[in-house]
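Asks: Before I ask anything, here is the structure I am working with.
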Amino acid sequence: MNSDIPLTPSPKRIDEIQEDAMGRFVDVIFTKKSSGNIETYFADYDHWEQYDENKAYSIRPYQETYSGIVREYQNRLIIFSDDDDNKEYYVVTKRVRSELKSLEPYCTCLRCQASYLNPIKYIWCSHCTRCIKAGKGFADKNFIEKARELKEQGKSYSFSKYGKYLHQTHILKGIEIFVALFIALILYIYL
């Protein structure tokens, strides 16, 4: 029996019901604990916590907003051991890669189309523009379809910042020209 897996919320120990333990986490990772900070080890994960035997963990993907955007996650168990064979248990959330993540660079919403000078890029959130980055259930289906088309064209299709879909960028062009002129006017007056 393997005693490296922590207790479940039920009265039985995991080593007594090994199949249940493997059914609650996508991966069980055993690693040696280094002298570094634990936060640096978990820097690539959106969320982590110390294992709580009173909490029910599931292998199934679930949706959560750990990084401010609704994403799908799955739980992994990481077991740290040191030279004295002391063990620490942590649950980390691993983001499930979706088609939307691969389509994000091809998004044609107003926010993604705006340049860094455009105030729209900073005022509107991804949910307001129904951006692909807003996640499953929030993204506009038209933006998803257009992004798929652009992705299919791949590297052979080169597009400029505004060449994707010109009918949606008239407002952006106007605002960006206004902002550029306004900045030039301020610089001219004060310099």
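Asks: Checking residue 104 against (1) surrounded by 13 or more Cβ atoms within 10 Å (Cβ to Cβ); (2) more than 18 Å from the chain's Cα centre (by Cα), which test does it fail?
Replies: In the conditions (1) surrounded by 13 or more Cβ atoms within 10 Å (Cβ to Cβ); (2) more than 18 Å from the chain's Cα centre (by Cα), residue 104 misses (2) alone.
Asks: Right, next: Working only within segment 16-57, note down all residues that are charged (D, E, K, R), surrounded by 15 or more Cβ atoms within 10 Å (Cβ to Cβ) and modelled with pLDDT under 80.
Replies: So the first thing to find is which residues in segment 16-57 are charged (D, E, K, R), and the list is 16, 19-20, 24, 27, 32-33, 39, 44, 46, 49, 52-53, 55.
Imposing the further condition that a residue be surrounded by 15 or more Cβ atoms within 10 Å (Cβ to Cβ) reduces the set to 24, 33, 46.
Correct list: 24, 33.
Asks: Also, quick follow-up: State yes or no: is residue 125 more than 30 Å from residue 51 (Cα to Cα), surrounded by 20 or more Cβ atoms within 10 Å (Cβ to Cβ) and not charged (D, E, K, R)?
Replies: When the stated conditions are applied, residue 125 does not pass them.
Asks: Taking residue 139 and the conditions (1) crowded, with 20+ Cβ neighbours inside 10 Å; (2) under 15 Å from the mean Cα position of the chain (by Cα); (3) free of Cβ contacts under 8 Å to residues at least 24 places away in the same chain, which numbered condition does it fall short on, given that it satisfies the others?
Replies: The number of the failed condition is (3).
Asks: For segment 63-84, which positions are in contact with an Asp or Glu (Cβ under 8 Å, 6 or more places away or on another chain), of a type in the set (A, V, I, L, M) and within 20 Å of residue 51 (Cα to Cα)?
Replies: 77, 79 - these are the residues of segment 63-84 that are in contact with an Asp or Glu (Cβ under 8 Å, 6 or more places away or on another chain), of a type in the set (A, V, I, L, M) and within 20 Å of residue 51 (Cα to Cα).
Asks: When both residues are 6+ apart or on different chains and their Cβ atoms are under 6 Å apart, which pairs have a first residue that lies in segment 60-74 and is touching a residue at least 60 places away in the same chain (Cβ under 8 Å) and farther than 10 Å from residue 95 by Cβ, and a second that is among the polar types (S, T, N, Q) and loosely packed, with under 14 Cβ neighbours inside 10 Å?
Replies: 70/63
Asks: Taking the options 77, 103, name whichever one is touching a residue at least 24 places away in the same chain (Cβ under 8 Å) and assigned by TED's automatic domain parsing to the domain that holds residue 177.
Replies: That would be 103, the only listed residue that is touching a residue at least 24 places away in the same chain (Cβ under 8 Å) and assigned by TED's automatic domain parsing to the domain that holds residue 177.
Asks: On to the next question. Taking the conditions exactly as written (loosely packed, with under 15 Cβ neighbours inside 10 Å and at pLDDT below 80), does residue 97 satisfy them or not? Please lay out each step first, then the result.
Replies: On the way: loosely packed, with under 15 Cβ neighbours inside 10 Å: yes; at pLDDT below 80: yes.
Yes; evaluated as a whole, the condition is true for this residue.
So that you can scan it fast, the table gives a plain yes or no per residue for (1) at pLDDT 80 or above; (2) buried (at least 19 other Cβ atoms within 10 Å of the Cβ):
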| position | (1), (2) |
| --- | --- |
| 134 | yes, yes |
| 161 | no, no |
| 172 | no, yes |
| 175 | no, no |
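The values are calculated or read from the model by the stated rules, or taken from the named source; none is laboratory data. What you see is a predicted model; the values in this text were computed from it and never measured. Please note: Cβ atoms are built from the backbone with ideal geometry, for glycine as well, and neighbour counts cover all protein chains shown.
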